[in-house]
1. Residues with beta-carbon under 11 Å from that of Val149, excluding Val149: net charge, scoring Lys, Arg +1 and Asp, Glu -1?
2. For the chain, what is the charge dipole size about the Cα centre, in debye to the nearest 20, if Lys and Arg each add +1 at the Cβ and Asp and Glu each add -1 at the Cβ?
3. Around Gly58, what is the net charge, scoring Lys/Arg as +1 and Asp/Glu as -1 over all other residues with Cβ under 11 Å from its Cβ?
4. When the chain is fully extended, how far beyond the present Cα-Cα distance does Leu158 get from Tyr7, taking 0.36 nm per residue of separation?
5. What is the spread of the Cα atoms of the range 34-108 along each of their three principal axes, largest first, in whole Å?
6. Sorted by average packing, counted as other Cβ atoms within 10 angstrom per residue and highest first, what order do 139-149, 2-12 take?
7. Around Pro93, under 15 Å between beta carbons, what's the net of Lys plus Arg minus Asp minus Glu among the other residues?
8. Given the C-alpha centroids of the range 118-160 and the range 1-62, what is the distance between them in whole angstrom?
Amino acid sequence: NSLLFRYNKRLSNKGFLGLNVSYRNSTDQVERITTRVDPTDPTKPEGDVLYTTSANIGSSYNISAGLMFSYRPFKFWNISFNAQYVYRETDIPDRTNYIKSAGQYSLRLNNNFSIPETKTRIQFRLNYNGPRTQLQGKSEATLVASMGVSQNFLKDKLNASIRVNDLFNSMKSNSNTYGDDYVMFNNNRMNRQVVSFTVSYRISEIKFKDKRAKGLGGGEQELAPDTAPAAQ
């Protein structure tokens, strides 16, 4: 069950502002649960084994607020910013040791530079996910940057682009999980720093007679990959 309010405002010809507030209620919420007892045979606990499974733990509700802002200070530079905050509360009647309420936020900053004289496009993207609290523990914040450069040649028929994913090699996933009789630490370094190079050549250009069909080809190519998920 969800309800969403959204407000959009165009700032003359240079920018855009968007605000949203939402409420969502879920019953029979499915979550991942970790215990030292085998869920298939509770009579046989394993002292050195942790079992993780999915279970219906109760009901929950989320309240979120978001801000989207885009502005073009100069013809060659467009900047966009996205902020999202989510507060969640869970009702678990038969458990008292779970974390039942927490908030999480995320920030995204995207810069696009376009130089018409040289047919060059540059994109830089920065994603930040704040610390995340779950039923049985917490995850640390993550900060990931990516960028890309695109260059056209031969009257825009030839295009060469280079992309760098996880520019500063900062992608990681550190979390702690707590139970009545255990503590589990997860420190993972994700190897997602990848550099890719692409060359494409357009043989012919498709011309649409119907204006409605002209937009079916999609927007501009994303140069900087979006590697960090938003808050949920």
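1. Around Val149, the surrounding residues sum to +2.
2. So the dipole magnitude of the chain works out to roughly 1820 debye.
3. Values: positive: Arg95, Lys100; negative: Asp28, Glu31, Glu89, Asp91, Asp94.
Charge balance in the 11 Å sphere: -3.
4. Extending this stretch completely gives an extra 50.3 nm.
5. Computed over the range 34-108, the largest-to-smallest principal extents equal 69, 27, 16 Å.
6. Numbers: 139-149: 18.7, 2-12: 9.6.
The most tightly packed comes first, giving 139-149, 2-12.
7. With Lys, Arg at +1 and Asp, Glu at -1, the neighbours total -3.
8. Centre-to-centre (Cα) distance: 26 Å.
Bear in mind these aren't lab numbers, they're just calculated from the coordinates by the rules spelled out. None of the values given here were measured: they were computed from a predicted structure. When we count neighbours, we look across all protein chains shown, and the Cβ atoms used for this are built from the backbone with ideal geometry, even at glycine.
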